[in-house]
Amino acid sequence: MIFILVYCTAGISGGHINPAVTFGLFLGRKVSLIRAVLYMVAQCLGAICGVGLVKAFQKSYYHKYGGGANELAPGYNKGVGLGAEIIGTFVLVYTVFSATDPKRNARDSHVPVLAPLPIGFAVFMVHLATIPITGTGINPARSFGAAVIYNEDKPWDDHWIFWVGPFVGALIAAIYHQYILRAGAIKALGSFRSNA
């Protein structure tokens, strides 16, 4: 589903459907501050509307599964939940940076068309690892929309995890990709040119 959403919205918003990804791309100087804030507001409003539609059309499943609201699973502490969200979001945002890297696009002309595919796979793999711990947040808008519509105490108790974790994971991914990998690649290219 993420593959389809990113592919379909790429021409409209660049495929921005997650505030953590938008934040990471803002830190990587790929999106302006105004655009990032507007995207995040739209993403949160879209999530609220989406969860409202699910509640309206699938009431029994909606209540059976707690409105789809993220919460820390029994047996896990807040640190483990936060760590899962940080690592999961790092994987997602790093994959977005890698799949949309313009230097890679220059080498592989087919990559822009296929960029949503590794992003979708990254989301799938993160879900496999983190559903048992947090229900897989990695998208603060989705977590927020579900918490707003479900509006029970438990999802709000640890809701900060689903904002702080993804934003920290996005920050680490942006620093790693933009300032460690890219800086290393530029330095290596410079030393290669000076030796030639």
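The values are calculated or read from the model by the stated rules, or taken from the named source; none is laboratory data. Values in this document were obtained by computation on a predicted structure and should not be read as measured data. FYI the Cβ positions are ideal-geometry reconstructions off the backbone, even for glycines, and counts take in every protein chain you see. The protein model used for the area step is the full one, side chains on, heavy atoms only, and it has no ligands, DNA or RNA in it. Shrake-Rupley method; radii C 1.70, N 1.55, O 1.52, S 1.80 Å.
The table that follows gives values for the structure above.
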| read-out | value |
| --- | --- |
| Value of relative contact order over the range 1-62, rounded to a whole percent, pairs C-alpha under 8 Å and six or more apart | 20 percent |
| Percent accessible area from carbon and sulfur atoms, the chain, protein chains only, probe 1.4 Å | 70 percent |
| Separation in nanometres of the label points that stand 7 Å from Cα toward Cβ, at PHE124 and ILE175 | 3.2 nm |
| Most to least packed among 79-87, 29-37 [average Cβ atoms within 10 Å] | 79-87, 29-37 |
| Number of Lys pairs (Cα under 17 Å; 8 or more positions apart or on different chains) in the chain | 5 |
| Segment VAL37-ASP157, length gained on full extension (0.36 nm per residue, minus Cα span) | 40.7 nm |
| Karplus (6.51, -1.76, 1.60) ³J(HN,Hα), θ = phi - 60°, over the range 136-142, in Hz, Gly and Pro reported as x | 6, x, 6, 9, x, 5, 5 |
| Nearest-0.05 FRET efficiency for LEU114 and HIS63, computed from C-beta distance (R0 41 Å) | 0.60 |
| For the range 162-178, 3J(HN,Hα) per residue [Karplus equation, 6.51 cos²θ - 1.76 cosθ + 1.60, θ = phi - 60°, Hz, x = Gly/Pro] | 7, 10, 5, x, x, 6, 5, x, 5, 4, 5, 4, 5, 4, 4, 6, 7 |
| Per-residue SASA entry for THR134, accessible area with 1.4 Å probe, Å² rounded to 10 | 0 Å² |
| For the chain, average projected area of the Cα convex hull in nm² | 12.3 nm² |
